[in-house]
Amino acid sequence: MDILSLTAVELGRKIRAGELTATEAAKACLEQIKKLEGSLNCYITVDEEGALRQAEQVQRQMEEGKLTGPLAGVPIAVKDNLCTKDLLTTCASRILYNFKPTYTAEAVLRLQEAGAVILGKTNMDEFAMGSTTETSAFGATRNPWNQEYVPGGSSGGSCAAVAAGECFYALGSDTGGSIRQPSSFCGVTGIKPTYGTVSRYGLIAYGSSLDQIGPVAKDVTDCAAVLEALAAHDPKDSTSLQREDTDFTSALVDDVRGLRIGIPRDYLGEGLAPEVRAAVLQAALVLRQKGAVVEEFDLSLVEYAIPAYYVIASAEASSNLSRFDGVKYGYRTREYEGLHSMYKKSRSEGFGPEVKRRIMLGSFVLSSGYYDAYYLKALRTKALIKQAFDRAFEKYDVILGPAAPTTAPKLGQSLSDPLKMYLGDIYTISANLAGLPGMTVPCGWDSRGLPIGLQLLGDCFKEKEIIRAGYAYEQERGPWQAPVLPGGADQGGPAPEPGELGGIGRPFEAGVKTGQKGGRKNGETV
């Protein structure tokens, strides 16, 4: 049996049935990590001894009947901005190179209570600031499908680890698309839930009003099961919500008849790669064939989302990161004269260029004379964007579009042009500004053999709608083939030729042929 080919839910089922043990599953992942980490760099910390110890404990509890959930015994990875007691938590930054928290984040605790086995902490953009996982102080992560390309970010290590079989699912955080965009680049499924659904207690904050923890997994079923385990009210988090509708696995129904799906015309215009556009529209046609009502519509204010987001996020980051000063924990400069000198030198040496850029931008927009001109204006724009989505969801249950304007860029391309990197978040940022749930599902391949992701957005507290739509599409698409690693584009399966994904112009006019269904089934290109 190829353990690594199983999904998290399938593995949990086999462990409960006695066909496998939690220890065997953990060892399989650890072997894969040893085999691939030298080239992929998905992890900052691998806790082999701790993982095997946890696996033995979980297995014993399962045999005693104390653990019966669907994820018991399944090995996971945790993004390195989530605190884990006595296990290195660095945020991929030099300034926290030696930080071992005294407590564990609530989201991680909930998964441990469900029987998760933690393999280690995954690489990320420093303090979650970036879209490529290249700003990490511990080196860039590489895309498992082609190691010349980035995995996306900031949760690139988590997404790449799932795609490479180095864990069965992972936790990420999403401030402006940091789960959904790398899920698209790595060909995995990721969910950002409604703001407040998952406790942020123990998440080292980037933008407190935007951050949300969510799962990355192989398919929609896994994501729904993990999110069900994560979602709960936490009195330690003042933004945590009390919800009764967290039975997300009940939405795993292959039926979208009557589901109203809107595609913003704003998402299909200039800047969207033709192959991405074709794959996303092909997925929309699949859902329409299955009975959904699919229409294009105008979603206003899209062009204002990026400037509003970067003003708000940078302002919150400049405040949140002021606590890292070399006094209480983390990096402290060796030579300094006086307290202020230690502050300045520790922060100058400890933070990377992208973090410094955002701290300075945030401090500027919060400064006297510019607060009204920039920060308050961004907050007003945020409110208008939320109103635009409210109007859209009066008519539609789900908003469908691309997760990113292109597939993964090559390593080194994005860092040379930060503004271009920021523009790559254009389709994901709005969901964070409005607090909406969003999910990425793989829907095709470009001509280089790199994955393309479909993004589904729902109204607040409507995760079940996007899970239902994603699951129905996934059933038609078929299993997503795991990469053969280590590899280049030719080792992830045959790359489709341009146009093979269905070069469809305006698909919702009468008489347009729908062509073939889905993206790729059982390794075949369509």
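FYI, it's all coordinate maths here, none of it is from the lab. Model, not experiment: these values are computed from the prediction. No Cβ is skipped: glycine too gets one built from the backbone with ideal geometry, and neighbour counts run over all protein chains shown.
Assorted remarks:
- All C-alpha pair distances within the range 360-428, sorted into 10 Å bins from zero, spread as 16, 28, 33, 22, 1 percent across the bins.
- Two-decimal ratio, the range 391-441, of alpha-carbon radius of gyration to 2.2 N^0.38 Å: 1.40
- Mean Cα-pair separation over length for the chain, i.e. relative contact order, pairs under 8 Å, 6 or more apart, %: 17 percent
- Here 385, 213, 3 are placed in order of increasing Cβ neighbour count within 10 Å, fewest first, which gives 3, 385, 213.
- Only the Cβ atoms of Lys and Arg (+1) and of Asp and Glu (-1) were treated as charged; on that basis the dipole of the range 303-382 about its Cα centre amounts to roughly 120 debye.
- Each of 332, 477 was scored by other Cβ atoms within 10 Å of its Cβ. Arranged with the fewest first, they read 332, 477.
- With at most 10 neighbouring Cβ atoms within 10 Å, loop GluC sites (Glu not before Pro) (DSSP) excluded, longest segment of the chain: 65-243
- Two-site FRET efficiency, residue 102 against residue 148, from Cβ-Cβ distance with R₀ of 51 Å, rounded to 0.05: 0.80
- Of 320, 367, 452, farthest towards positive along the dipole that unit charges on Lys, Arg, Asp, Glu beta carbons give the chain: 367
- Contour excess over end-to-end distance, with Cα ends at residue 323 and residue 371 and 0.36 nm allotted per residue: 15.1 nm
- With the cut-off at under 14 Å, measuring from each backbone N in the range 299-318 to a point 7 Å along the Cα-to-Cβ line of residue 394 picks out 300.
- Furthest towards positive pole of dipole, 15, 292, 50, structure part the chain, Cβ charges: 50
- Shown here: the range 303-382, whose C-alpha atoms stretch 45, 22, 18 Å along the first, second and third principal axes, sorted largest to smallest.
- Our estimate of slack between residue 244 and residue 270, defined as 0.36 nm per intervening residue step minus the Cα-Cα distance, is 5.2 nm.
- Residues 230, 454, 379 arranged by fewest to most Cβ contacts within 10 Å: 379, 230, 454
- Furthest towards positive pole of dipole, 381, 91, 231, structure part the chain, Cβ charges: 381
- Rounded to the nearest 20 debye, the dipole magnitude of the chain is 740 debye, with +1 charges on Lys and Arg beta carbons, -1 on Asp and Glu beta carbons, and the Cα centre as origin.
- Shape class of the range 89-229 from the alpha-carbon gyration tensor: rounded, with the ratio a/c of largest to smallest axis under 1.5.
- Overall Cα dimensions of the chain - principal axes, largest extent first, Å: 75, 61, 46
- Shown here: the range 238-361, whose C-alpha atoms stretch 70, 41, 24 Å along the first, second and third principal axes, sorted largest to smallest.
- Candidates per trypsin sites (Lys or Arg not before Pro) in the range 241-308, loop by DSSP, up to 14 other Cβ within 10 Å: 257
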